[in-house]
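Worksheet: the structure to be examined is printed underneath.
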Amino acid sequence: MKAALNVLLKGLVILVLALLIGGIPSLSWSQNAYKIGGLFAITGPSSFLGEPEKKSMEMVVEEINAKGGIDGHLLEAVIYDTEGDPTKTVLAANKLISKDNVLAIIGPSLTPTTLAIVPVVEKEQVPLISCAAGIKITEPIKPWVFKTAQSDVLAVAAIYQHMQKQNIKKIGVLTVENAFGESGKEQLLAQAGPYGIEIVQAESFGGKDTDMTAQLTKIRSAQPQAIVCWGTNPGPAVIAKNVQQMNIKIPLYQSHGVASPKFLELAGDAAEGIFLPTGKILVTQQLPDTDLQKSVLVKYIEQYEKLYKMPVSGFGGYAYDAMNLLAKALQGSDGNKEKIRDALEKIKGFVGVSGTFNFSPRDHNGLGSDAFVMVQIQKGNWKLLSP
Amino acid sequence: MQEFLQYLFSGVTNGAIYAVIALGFTMLYNATGLINFAQGEFVMLGALSMITLWKGLQLPLPAAFLLTVAVVALVGLLLERLAIRTVRKPHPIVLVIITIGASILLRGIAMLVWGKDAHSAPSFSRLAPIEIAGATLLPQSLWILGVVLAIVIGLQIFHRKTMTGKAMEACAISKRAASLLGIPSERMVLLAFALSAGMGSIGGVLIAPITMSSYDMGMMLGLKGFCAAMLGGLGSSWGAVFGGMMLGILEAMAVGFFSSDLRDAVAFFVLLLILYARPSGLLGVKAVQRF
Amino acid sequence: MRKLKYGFFLLVIMAAGLGITNSYYLQLLTFIGINTLLALGLNMLMGYAGQISLGHAAFYGLGAYTTAILTTALNWSPWLALPAAIVLVSLVAFLVALPMLKLSGYYLGMGTLGFGMITFILIRQWSTVTGGDSGLVGVPSLALGPLSLASGKAYFYLVWVVVLISFIVCERLVDSRVGRALRAIHDGEQVAAAMGIDTSRLKIGVFVLSAIFASVAGFLYVHLVSFISPNSCDFLVSVRLVTMVVIGGMASIWGSLLGASLLTILPESLHVFSDYEMIVYGLILMIIMIFLPQGLTRGLLDLYERSAAVYPRKVKSREPADE
């Protein structure tokens, strides 16, 4: 009897393995639905990016479907988690293209994962709208690759412009040890000269490090007039606290990586007085009514917060813009990828959450300097600074 | 001078964190000869549970503290009972993978319960940073050091004076001989797991105010804490404290006098150095070789 | 008998290559092949020679980065970069093995972990050469003269032919004097030394061999994906490699295939669970290790043998103790 059970068990194991290999079949509810792929870092260290991006994309798809879809076709979002891992992203991209037959892909959330699938989408000729910031994604131009996130170039320019006005000439730089920090550091170094700024000390920190007083001490001893910290939560919050603890009085600038309510929560009163560039979404209410983006922002915030019962973040906006841009390009394309790509490239004056998009054959990011505004944290709130 | 002192204090802050984690490793190794790769996750669970109970549910500090430790100790208990004890052939590599699997499992659960964002906790005492000769030190660091010392002394007393403690040490020396003498060795191992988990959680509770706690904070801390334990000597509680402090200070000095880029590598360089030069660690007594 | 087994395997590869047209499945199988190479090398070290390595992803990374850097920055041909990568990795492995293999048990595991972490950190921080965290793009694909190997199908064949060759090499090794000496070391190092086996030379040799396997796997990976970043060689990757070996079955060449397959497919099929994926993954690891600690190969074989009681057929007499 026991032996028979054993055989049964063995058979079960094989059955389960076969099922896992074959994949649990997904139900597709409409034969002529337009399938759109999504690749986001939903779990893993960058989930603060992927999670709101996924939610924003799904929100737009739902909204469009409620109005009857595009050209009579309903949209279906097929979203996979990249976990921020390039190898997984490559596999997932192939899955979307060959198995799910998507018309276009939105995402990924990070620069390395995007770069890993650029060869894939170029070869298979599938439009890709990335939500990552790295400048290498769209420079040099690749026909099928677009992105909606603002470049680090613009963020650094915004910071340096502000510094110029304050007559700051010497700065210390503290960057996080990942692709975002690296890219930021590259830009900070590259643009320093033209703005007449000298970087007197550059240090780095790990994403999960608990104390940066050593790095700050080294920076302080080089006597800069301001410090720029480039990273994403929680590191910059620790640094803000360290700066407060060490009684460092010179201005602290952060990157748009901390442009979220989470930073305020983590840094507490240590956030007071910090300068940073951010997309307009954080200061929507302070924008003049004449600002083109205001109505789009208000709508996004209302919709998102009503649906998900949690505050928005600028990062989700990248996917929101991407999906809306794609929706526009889908109109009249009849599901032809080439037409979708061409349509995307022609989009001009599209007002999104991240800025106003003007694509062209030579510009697949489409954003200008209006994508960023400088804010200062005052009394636990983001205060829009006049340009 | 001010800089050197600040580096020292920075080292002390991180060092105290490593010390408390190293203690957990040492404690378990002392009693069972096992290395638990999930130790870092116990620290994470302690930190996050504390935040929920103290900040979220607004329980008074001592109650939240005790409840946190109890809950995480229970998790350690479950791990031993369900996973470790049921293994029929405890080859070390098998146990290593089980604890690795456990750490992934615990991280996954934490991600669901506490979400993917970081959480912060207020300090135990609302004191301003202490300033000495221009360098500042957070009072919370002193809290950590104080509790760590208390734990070490407590462990010494436990092992030398109480019956249970001596029984545990007997099991560590030889399980068979201990059971021949009537010591319930299985229960001792269970107790050791519960204790080391509890200790890890105490570490988490203490460091929550200084660091930002998230579901994935445990891995790097666990690895570095292990390096600290090896540095001090896996068999010695004082070694764990010493190793932790040394590692923290070495890291800070490396940042200060060399470059912050290779900061993480310091811990592993130290590990390799110790393994080659003096495997029993700086304060370790015997050359411990279980496998 | 053995030739039959390999001939059959070759047939399966050809059939799969011809039959499967979906590029996703082809790529998945290609990745399984690359992981099998990794697991195989590590299995020789862990299963047969009995040494633990918790930092093997470092050799994988070194192989991948060497060829990536040589083919992009210095414009070398990939076929020149391959031997260069192998030589470099062998050298590093040799230098690491000399002091490292004097340790044993947990200490060896920790030592290799330390080495792996240091390599990872160096790769990540030396960004001027390695591209740092953003990685290296534009690695060229492979071509044999005028014949391009860039297509999914061609690469699939390439990888699996390499795997097949490695299987043959390993099996030959295991059955030779060297193999028996290795197993003697595994069972009892001092006894082996007493019998005149040069234990340290053999251990170092296997270590270097397993590193070479890993570097070839890295080479194949980079030229398939055209991209490499430090993510691909961090601590978690080393852990996954060890898991593949242990779950598949130590000291089992086909076990490497099983372990690699399972651990490559599992995350893909667990997509469905999204937020629960980590929990399921951790649980599966623990459960397999608790109930089948010798790995799946032996575990399933045991089940098969026990099932012989149900069906009255002659159970083949067990081959001599080693496998």
- Task: Using a/c under 1.5 as the rounded threshold, could you call the protein assembly as shown rounded, prolate or oblate? The axes a ≥ b ≥ c are square roots of the C-alpha gyration tensor eigenvalues, and prolate needs a/b larger than b/c, oblate otherwise.
- Result: oblate
- Task: Please work out the ratio of the alpha-carbon Rg of chain C to 2.2 N^0.38 Å and round it to two decimals.
- Result: 1.01
- Query: With labels modelled as points extended 7 Å from the Cα through the Cβ direction, what inter-label distance (nm, one decimal) is found for residue A:247 paired with residue A:189?
  - Reply: 3.5
- Query: Under a GNM of chain B (C-alpha, springs under 10 Å), which listed residue has the highest mean-square fluctuation: B:87, B:205, B:72?
  - Reply: B:87
- Under Karplus coefficients 6.51, -1.76 and 1.60, residue-wise ³J(HN,Hα) of region A:350-357 in Hz, glycine/proline x: 7, 8, x, 6, 8, x, 9, 9
- Task: Output the relative contact order of region A:153-278, whole-number percent, from Cα pairs under 8 angstrom with separation of 6+ residues.
- Result: 26
- For region A:153-278: lysine pairs with Cα atoms under 16 Å, gap of 8 or more or different chains, count? 8
- Expressed in nanometres to one decimal, the distance between label points 7 Å along Cα→Cβ at residue B:166 and residue C:94 is 5.7
- Under 15 Å from a label point 7 Å along Cα→Cβ of residue B:81: give me every residue in region B:171-186 with its amide N that close. B:186
- Query: If R0 is 25 Å, what FRET efficiency do you get for residue A:269 and residue A:221 from their C-beta distance, rounded to 0.05?
  - Reply: 0.45
- Message: Based only on other Cβ atoms within 10 Å, what is the fewest-to-most ordering of A:35, A:249, B:116?
- Response: A:249, A:35, B:116
- Per-residue mean of C-beta atoms belonging to partner chains within 10 Å, peptide B:262-275: 6
- Query: Which order results if C:155, C:65 are arranged by neighbouring Cβ count within 10 Å, fewest first?
  - Reply: C:155, C:65
- Using R₀ = 22 Å, calculate the FRET efficiency as 1/(1 + (r/R₀)^6) where r is the Cβ-Cβ separation of residue C:21 and residue C:148; round to 0.05. 0.75
- Using only the Cα atoms of region A:153-278, each taken as one equal point scatterer with no solvent, compute I(q) by the Debye sum, divide by I(0), and report log10 of the ratio at q = 0.14, 0.15, 0.18, 0.20 Å⁻¹. -0.51, -0.59, -0.89, -1.13
- Considering chain C as a Gaussian network with a 10 Å cut-off on Cα pairs, which listed residue, C:230, C:267, C:146, attains the greatest mean-square fluctuation? C:146
- Query: What are the residues whose amide H is under 5 Å from the amide H of residue A:202, where those residues sit 5 or more places off or on another chain and H is modelled from the backbone?
  - Reply: A:173
- Any idea how far apart residue B:277 and residue A:142 come out in nm if each label point goes 7 Å out from Cα toward Cβ? 4.8
- Item | Per-residue ³J(HN,Hα) for region A:301-317, Karplus 6.51 cos²θ - 1.76 cosθ + 1.60, θ = phi - 60°, Hz, x for Gly and Pro | 4, 4, 4, 5, 5, 6, 6, 9, 6, 8, x, 6, 9, x, 5, x, x
- Can you run the Rg to Rh ratio on region A:281-387? Use alpha carbon positions and the Kirkwood inverse-distance Rh. 1.02
- With N denoting the number of residues in chain B, provide Rg(C-alpha) divided by 2.2 N^0.38 Å, to two decimal places. 0.98
- Task: Would you please put A:349-360, B:193-204, A:154-165 in order of how densely packed they are, using the mean number of other Cβ atoms within 10 angstrom per residue and starting with the highest?
- Result: B:193-204, A:154-165, A:349-360
- Query: What FRET efficiency do you get for residue A:348 and residue A:289 if R0 is 22 Å and r is their Cβ-Cβ distance, rounded to the nearest 0.05?
  - Reply: 0.40
- Message: With a 10 Å cut-off between alpha carbons and a GNM built on chain C, which of C:143, C:97, C:64 moves the most?
- Response: C:143
- Across the residues of A:238-250, average count of Cβ atoms on other protein chains within 10 Å? 3
- Message: Per residue of region C:231-240, what does 6.51 cos²θ - 1.76 cosθ + 1.60 with θ = phi - 60° give for ³J(HN,Hα)? Whole Hz please, x for Gly and Pro, Karplus curve as stated.
- Response: 3, 7, 9, 8, 4, 5, 5, 4, 4, 4
- Note on the structure: Taking placed amide H atoms and a strict 5 Å upper bound, the residues 5 or more places from residue A:83 or on another chain that come that close are A:42, A:43
- Item | Calculated on alpha-carbon atoms, Rg and Dmax of region C:68-190 in Å | 18.9, 54
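Bear in mind these aren't lab numbers, they're just calculated from the coordinates by the rules spelled out. Computed from a predicted structure; not experimentally measured. Reconstructed Cβ throughout: ideal geometry from the backbone, glycine too, with neighbour counts over all protein chains shown.
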